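No lab work stands behind these numbers, since they all come straight from the coordinates. Just so it is clear, the structure is predicted and the values come from calculations on it, not from any experiment. Neighbour counts run over all protein chains shown; Cβ positions are idealised from the backbone, glycine included.
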Amino acid sequence: MNLANKALPTLSFLLLITIWHGLALYINDPSLPLPSVVLHVLWQEIISGQLPHHLGLTLFRLIISFSIAMFLGCAIGIALGRNKTLDVFFDNWLVIFLNIPALVTIILCYVWFGLSESAAILAVVINKLPNVIVTIREGAKALDRDLLEMARCYQFGKRKTFLHVIWPQLHPFVMAATRSGLALIWKIILVVELLGRSDGMGYQIHLFFQLFDVASILAYTIAFITVIQSIELFILKPLDKKALRWKR
Amino acid sequence: MSDIHIDIQNKTYTTADSVQHTAIANLKLTLPENNFVCLVGPSGCGKTTLLNIIASLDTQYKGEITFGQQHKKPKIGYIFQNPRLLPWRTVRENIELALTYASAAIIDSLLETMQLTHIQHKYPEHLSLGMSRRIAIIRAFAINPDILLMDEPFVSLDAPTARQVRGLLIDLWQQRPHTILFVTHDLREAIALADQLVFLSAAPMSVVSKVKVTIPRADRNNEEKIENFRQQLFTHYPDIISLL
């Protein structure tokens, strides 16, 4: 049973590659290269240093904008969740920002602040921030009143209350915001780079599109998916395991 | 310094359907220092509200609570109806967090008295309710409180466990005397524990009678003496029967 469970993901992955391979053989056209061709291109791009350079820049933008969005989002989310008046006042703002299309924010940021690195990062942050706020706000609203009263009664103080009573309760919400955030942000970053940067994954993919180089597009995609999966596997999962070790 | 003067003119609250209720009206009570006082009254009469007011968790009331001669706020330990332990912190961490300066020796000795040393590094979700209640008691005692508030802390424990924890509570209290305010609706439990019983009416809550328990501490385990005292109470204070 255990062995089967472990083998299943590998089997399904192999099936996916097989389908791709079969489809590519059947179509027999440069618009869908064989998996082996894509793998070869991926290797070439890695040793030429092109892929690490552009992937690195995109990851750098991802980390900066993700950190800013998460930090601000947590602070604002907690404030709105704990204060009804603030929440009612700013609710409309949130709805508006949640519904502005990503493309509009990106173009406006470039128009207003120029085709610069900070404008690019600002555009990503503005796109992600409302999602973080909404998720964390729900968490802050659902805080256990009994435990907060206990903390007050035993004079925990602000720092202790935040670290030991509030933050552990927000943990699942922060993880949800992190996961949905990573997935959303890297998609937005590619558009940001496509529209206004001269490096990064988005720029490269745009270039390959003009050259109709599908193999390179797929190679870059595989590289990026691998990186994001590694973040999930080597950072988020262990973090979850450590934070939730108290659960029955 | 830790006798408590309670003078609450009224405490009202508004329910979700905008109906105003008076929980407490004209409640005057003085609790002498280092006394074990049991508050006995029907369910929902406002006993928890009173404890919350004393603990300053509830400040929306008309009246005044003063502590002894000094104006310094006393240290208050509160044992809630549910243990209210932080599930993501171990037993020991839960106790340490309540202390300003965690003293390992105090925690060790309390854990030993309550026979919980072996589970100190476990998480509360892995423990029984009886153990969790004992940890809540340790947490309250560890801060060395001037006043200890207890809100039906033994409810839903089976009889032998409750008896055992009651015994441990009295041991601890006798080692470090302080004022205890113990809420219960179980008269036998109240007689077994208290120096003084305070009977409270249904909402709006006020004091009906105050009775000193005259059974010597050594005889508090004797069921027959407790029962006799209970019967005497009913004869002398017939108006308390309706409160139980």
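Values as computed for the structure displayed
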| read-out | value |
| --- | --- |
| Those strands (runs of 3 or more DSSP E) lying entirely in segment B:19-80 with at least 3 residues more than 14 Å from chain A (Cβ to nearest Cβ) | B:20-31, B:36-40, B:62-67 |
| Conditions (1) surrounded by 13 or more Cβ atoms within 10 Å (Cβ to Cβ); (2) within 14 Å of chain B (Cβ to nearest Cβ): number failed by A:Phe208 | (2) |
| Residues located in segment B:97-106, provided they are within 14 Å of chain A (Cβ to nearest Cβ), in a loop (DSSP other than H, G, I, E, B) and not β-branched (Val, Ile, Thr) | B:Leu99, B:Tyr101, B:Ala102 |
| Hits in segment B:107-160 - residues which are β-branched (Val, Ile, Thr), closer than 28 Å to B:Gly68 by Cα and in a helix (DSSP H, G or I) | B:Ile137, B:Ile138 |
| Whichever residue in segment B:193-244 is small (Gly, Ala, Ser) and assigned to a helix (DSSP H, G or I) and, among such residues, is surrounded by the most Cβ atoms within 10 Å (Cβ to Cβ) | B:Ser242 |
| Hits in segment B:56-101 - residues which are touching a Gly at 6+ places or on another chain (Cβ under 9 Å) and either surrounded by 20 or more Cβ atoms within 10 Å (Cβ to Cβ) or of a type in the set (A, V, I, L, M) (or both) | B:Ala98 |
| From the options B:Leu157, B:Leu149, B:Leu111, residue that is buried (at least 19 other Cβ atoms within 10 Å of the Cβ), away from chain A (no Cβ under 13 Å) and farther than 18 Å from A:His164 by Cβ | B:Leu111 |
| Hits in segment A:79-109 - residues which are crowded, with 19+ Cβ neighbours inside 10 Å and more than 24 Å from A:Phe162 (Cβ to Cβ) | A:Thr105, A:Ile106, A:Cys109 |
| Failed criterion for A:Ile76 (all others in (1) of a type outside the set (Phe, Trp, Tyr); (2) within 25 Å of the chain's Cα centre (by Cα); (3) loosely packed, with under 15 Cβ neighbours inside 10 Å; (4) farther than 19 Å from A:Phe208 by Cβ hold) | (3) |
| Any chance B:Thr90 is free of Cβ contacts under 8 Å to residues at least 60 places away in the same chain and within 9 Å of chain A (Cβ to nearest Cβ) | yes |
| Unique residue being out of contact with any helix residue (DSSP H, G or I) (no Cβ under 9 Å at 6 or more places or on another chain), surrounded by 10 or more Cβ atoms within 10 Å (Cβ to Cβ) and of a type in the set (A, V, I, L, M, F, W, C) when the list is A:Leu39, A:Leu34, A:Leu51, A:Leu23 | A:Leu23 |
| Matching residues in segment B:120-146 - criterion: being within 14 Å of chain A (Cβ to nearest Cβ), under 20 Å from A:Pro168 (Cβ atoms), surrounded by fewer than 21 Cβ atoms within 10 Å (Cβ to Cβ) and in contact (Cβ under 8 Å) with a residue 12 or more places away in the chain | B:His121, B:Lys122, B:Tyr123, B:Glu125, B:Leu127, B:Ser132 |
| Segment A:122-148 residues that are within 14 Å of chain B (Cβ to nearest Cβ) and closer than 30 Å to B:Asn52 by Cα, paired with ones that are of a type in the set (S, T, N, Q) and assigned to a helix (DSSP H, G or I) (beta carbon under 8 Å, 6 or more apart) | A:Leu143/A:Gln169; A:Asp144/A:Gln169; A:Leu147/A:Gln169; A:Leu148/A:Thr161 |
| Test set (1) closer than 26 Å to A:Arg82 by Cβ; (2) in a helix (DSSP H, G or I) - A:Phe209 fails condition number | (1) |
| Test: A:Lys247 is within 14 Å of chain B (Cβ to nearest Cβ) and not in a loop (DSSP other than H, G, I, E, B) | no |
| Options B:Leu57, B:Leu99, B:Leu51: the member that is hydrophobic (A, V, I, L, M, F, W, C) and either closer than 14 Å to B:Ala136 by Cβ or touching a strand residue (DSSP E or B) at 6+ places or on another chain (Cβ under 6 Å) (or both) | B:Leu51 |
| Subset of segment B:64-114 [touching a Pro at 6+ places or on another chain (Cβ under 6 Å) and within 25 Å of B:Glu125 (Cα to Cα)] | B:Gly77, B:Ile79, B:Leu85, B:Pro87, B:Trp88 |
| In segment B:5-36, the residues that are among the β-branched types (Val, Ile, Thr), surrounded by fewer than 22 Cβ atoms within 10 Å (Cβ to Cβ) and under 19 Å from B:Asp151 (Cα atoms) | B:Ile6, B:Thr30 |
